[in-house]
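The values are calculated or read from the model by the stated rules, or taken from the named source; none is laboratory data. Everything quoted here is computed from the prediction, not taken from an experiment. Cβ coordinates were reconstructed from backbone atoms using ideal geometry, including for glycine residues, and neighbour counts include every protein chain displayed. Just the protein is used for accessible areas: all its heavy atoms, side chains included, with ligands, DNA and RNA removed. Shrake-Rupley method; radii C 1.70, N 1.55, O 1.52, S 1.80 Å.
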Amino acid sequence: IQFNTEEKGQNMICSFRGSVSHGLTLEIGETVQILEKFEGWFRGFSIKKPTVKVNRTTSNLRYETVVPLEDSVVTEVTSTLQEWAVLWKQLYVKHKVDLFYKLRHVMNELIDLRRQMLSGHLTQDQIREVKRHVTDSSETCRLKYFSSFLSLYPPSIPPSPLPLQHLSSRHSVQQSTTQGDSMRQRHGEACRIPVPHHLFVNLKSFTYNTIGEDTDIFFSLYDLREGKHISEKFMVRLNKNGGPKNPEKVDRLCALFTDLSNKDMKRDLYIVAQVIRTGRMLLNDSKKGPPHVHYRRPYGCAVLAMSDVLQTISELKEEKDFVLKVYTCNNENEWYQIHENIIRKSSTKYTAPSTNYGLIISLQLLRGEMDQVRRENPMIFNRSVAITRKLGFPDVIMPGDIRNDLYLTLERGDFERGGKSVQKNIEITVYVLYADGEILKDCISLGSGEPHITEHRSYVLYHNNSPRWSEVIKLPIPIDRFRGSHLRLEFRHCSTKDKGEKKLFGFAFTPLMREDGTTLSDETLLHQRCGAPSGEEIVKFLQDILDTLFSILDDNTDKYGPLVFQSLVFIINLLRDSKYYHFRPVMDTYIQKHFAGALAYKELIRCLKWYMDRSAEVVRQDHIQEAMRALEYLFKFIVQSRILYSRATCGMEEDQFRTSIQELFQSIRFVLSLDSRNSETLIFTQAALLNSFPAIFDELLQMFTVQEVAEFVRGTLGSMPSTVHIGQSMDVVKLQSIARTVDSRLFSFPESRRILLPVVLHHIHLHLRQQKELLICSGILSSIFSIIKSSSLETSVQEEVEMVVESLLDVLLQTLLTIMSKSQSQEAVRGQRCPQCTAEITGEYVSCLLSLLRQMTDIHFQHLLDNFQSKEELKEFLLKIFCVFRNLMKLSIFPRDWNVMRLLTSNIIVTTVQYLSPALHKNFTDADFDFKVNDKIEQETWRETGISFVTSVTRLMERLLDYRDCMKGDETENKKIGCTVNLLNFYKSEINKEEMYIRYIHKLCDMHLQAENYTEAAFTLLLYWELLQWEERPLREFLHYPAQSEWHRKEGLCRKVIHYFNKGKCWEYGIPLCRELAFQYESLYDYQSLSWIRKMEAAYYDNIMEQQRLEPEFFRVGFYGRKFPFFLRVSSCNRFFSLFCLPGNAGRIPASYRHAASQSTG
């Protein structure tokens, strides 16, 4: 039971021991959840101990009622952090180092976000953004990963409510079975549905003085590169005074352009606003046409490049105003492309307005699904925002999403003069009629933001018999009225002389649906429909296509079964393409929620088996390989189809289904058992099958037990030829398939692991014995040992460790000896490097050996020794393992500062030797066994390593004690400085602790600054500067430095060092650093900084020539004798700490040490 923050709890204001019957011990400030109250008694539990419930709590307790005032998200973040703190400590105890640091990183992020929410300095929008970040789905996936992977929730601590109540992860899918998909899975990259973008546009005003007529303004998004509009139009109707024609729309002239993908945001997009006036034919000629007859006439156009404003509106969380100048067209024949002319700056084709003339709009970029955007931005949707959709479809169409839109473009026309001396003013009127001649009401839309209309009149181009409109209108016709509907277009001449109506001179009509049920289309679209559909069309209409395929399969399985199977394989492999990979969640959703092919599994199994059985016969196997690559989703369809059939028939034909799956696996084993050494085509088929095979385990687990699936997999892996009978390329593919099997969920179950482990170890043994693909094998072994170690916390793994010892221990020792021998000798051959003998692979196998020995118990060692048939075999084994131990102690397998790993290695070696020593003493005498190996371990490695370790610790302790004494005592600054120098040199040269070295550099620098030794401070800080590179590598927060790039940290250090050299009047040393900075600034074209540093360099030259300085005179001073502190003494190897001092100060040095005498060397 968890504390509900909406209910009232009780907060204790004094402690209670709980000494009464069923009493609960409570501390002051502790919160108690009250469940029941009866006659002065309470029953409840402490929030800190939710599983400890009491029947009664005395009513004499003093308490106060608590109603939480803080935000619920803050409360749950606090609760989550408290629970994770327990998990975090358990990660440390269980040596989950990687997860330990990952969880710490996530906790620090949550702590920082909680601090921001509690600060009280954020606006409502900022608070909403912080909450959104807290509940971000990417965090959800990571946090759920921690919980599910570790299973560390103790019984007394329930899982955090944060991921359950406030976090929602997006659909994720299993990784693809190709090698590229394997890499994505290895790095943990989840497949997610892309987050759409939405552009909010708000028209604030249209400042003009010369039109004086009603106007329609059409906003749309235009892609210059493709030369087409990508969105519907947003329509605004204004009166002659510039206000909304509908008074209810004051301050509500806004639209939301929806479903813009990441690809759309990278287009060369422009916001295009076309202004159409409604009034006289000619704006400045009142004689042209009667005043009561109005025409729609083109007036002007405005454009705004999204590339100019995208960064601004992306960073802001509020609307940003922009001004769009409205340009008028010089020639109406060019009106259809005026926006392109403005964008391309063809200034001869349009007229620029005055500066105070144009549209004022505000923009805001929103992200997320539409439901989320509505929740987070209620103020926008309260303004009756017009939803303006893309022309076409979004990147992802989820099953269940329905959209049927028909768009009509009045492109162009060609008309005769009809005996007229001048050309006509042509207007087209568009109607939608039903089959009986009835005009359909409200079936025409000019744009979002205005209601639908019954008829549409095009705008009129003055004196033009070949007008080009390129005017797009939408026909929102109801589905039930679509069949039988047709368009009627009426053509009228708008004379400016006649005072009557516009003259009808022609008409045309066309049905909207052909007899075959297809929609009216232009020639280009018709041409496209005659060929195969493109990949984009398939993925966008994925549900409809799949429904159609399985409908065909149900209607006529015998005739169309193979064709449907081929089509399904094509679609599945289309989703493996990186271009369409993000549509995989759509396929998963379809399978789980919309797939209804209950009988499909029979035909899919039959076709798949037929393909596999023919792999030994056919020469061209492209279609077979494609089917192998689609194995994962084929099994998804098979399993889901069988589940649907079982639900409908209460489990009928279960035996037949199991038999068909067993027969299918016989075909799989048949394909893998074929000898492919002489057939490159067959190699590709087997490789495709092995790549896809591990992806079907989770699907099989839905229908079969863990043991049954493990038996299927064991038989399949066992059917693969040994490494001597296949080529190197198949070797790699085989091992990669085994590696993915080991990393799969199936291998995590102890009952399946005992079945699979022998066959996996068999293949690893063969490769190690032949020294082939050692790097891949080491990765598989590392995963096995890690899984066994994790499982040992919950169940016995003695049998599994026994398998590994019997199969791999001896060959693992032999492999290590070979690798170490090659590693020692490879430097003798110049220019030749063996990829199998690198330090990386040596470390991998050493870690595997240590992990195995660490998990072995006395029972395992006893069984190991009992299995040797003779003393010679035992002797050979002992020689191998002792030689490996000698090399481990002698060679630098691990870095010197990996003290824990080196100590762990020593501990494992000591423990192993203790287990082996009884057999050694029992079976061998001095004459029988070569004890030189044991002597070498004792004399060469243990002794050397031990002496080196003790010496380093002793020298460090001496320096630390001197440093402590100097810092605590009332010593001179010179002694403190000398002690610090000695300590930082030790960290640098002897134990290579760079972090400690840098810390003492800054301590020494601070001492010099305090003593006003600016030159010495500059030289000291220069030591850290020399460690950095001019690179963009990110550096974490350290000392007083913020988190920044390495380049910026080095730049800041360089400026500081130059400043100290200037204060110390050592300009000669500052000039090279000025040049260094100047070179960097010049390479980055940072001319402002370059000018500043060049001026400083010039000033330093002036200072050298003009300012007077005392020439410093120094003496080197050495200290001899044990009465001096350790850091001052001259060492036996003539390395002595030197002090440089002025002549006047030289006489004061012995005064610090009463028993010292000054001695000059002349």
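Structural remarks
- Here segment 755-800 has 55 percent of its accessible surface on carbon and sulfur atoms, given a 1.4 Å probe and all protein chains in place.
- Distance between the pseudo-spin-label points of Lys871 and Val195 (7 Å out from Cα toward the beta carbon): 7.4 nm.
- Point-to-point label distance, Asp622-Arg412, nm (Cα→Cβ direction, 7 Å offset): 4.0 nm
- Between Lys1063 and Leu1039, the C-beta separation translates, for a Förster distance of 22 Å, into a calculated FRET efficiency of about 0.55.
- Violating pairs (Cα-Cα greater than 22 angstrom) within the set Lys245/Lys497; Lys249/Lys317; Lys474/Lys497; Lys540/Lys593: Lys245/Lys497; Lys249/Lys317; Lys474/Lys497
- Each of Ile661, Leu674, Ser641 was placed along the dipole of segment 627-684 (beta-carbon charges, centred on the mean Cα), and the one lying farthest toward the positive end is Ser641.
- Note on segment 1003-1100: along the principal axes its Cα atoms extend 39, 35, 17 Å, ordered by decreasing extent.
- Solvent-accessible area assigned to carbon and sulfur over segment 295-416 amounts to 46 percent, based on a 1.4 Å probe.
- Relative packing of 872-879, 997-1004, which averages over residues the other C-beta atoms within 10 Å, highest first: 997-1004, 872-879
- At an R0 of 22 angstrom, the distance between the Cβ atoms of Glu806 and Arg854 translates into a FRET efficiency of 0.80.
- Annotation: segment 228-340 has a Kirkwood hydrodynamic radius of 16.8 angstrom, from the mean reciprocal C-alpha pair distance.
- Förster radius 51 Å - calculated FRET efficiency between Leu1110 and His105 (Cβ-Cβ, nearest 0.05): 0.40
- Point-to-point label distance, Thr78-Asp516, nm (Cα→Cβ direction, 7 Å offset): 6.9 nm
- Linear extension gain, Asn246 paired with Glu376, 0.36 nm per residue minus alpha-carbon span: 44.0 nm
- Relative packing of peptides 436-443, 545-552, 1041-1048 - highest average C-beta neighbours within 10 Å first: 545-552, 1041-1048, 436-443
- Two-decimal Rg/Rh across segment 429-511, once Rg and the Kirkwood Rh are taken from alpha-carbon atoms: 1.00
- Solvent-accessible area assigned to carbon and sulfur over segment 677-721 amounts to 47 percent, based on a 1.4 Å probe.
- Greater than 30 Å apart at Cα, pairs in Lys102/Lys822; Lys233/Lys502; Lys772/Lys988: Lys102/Lys822; Lys772/Lys988
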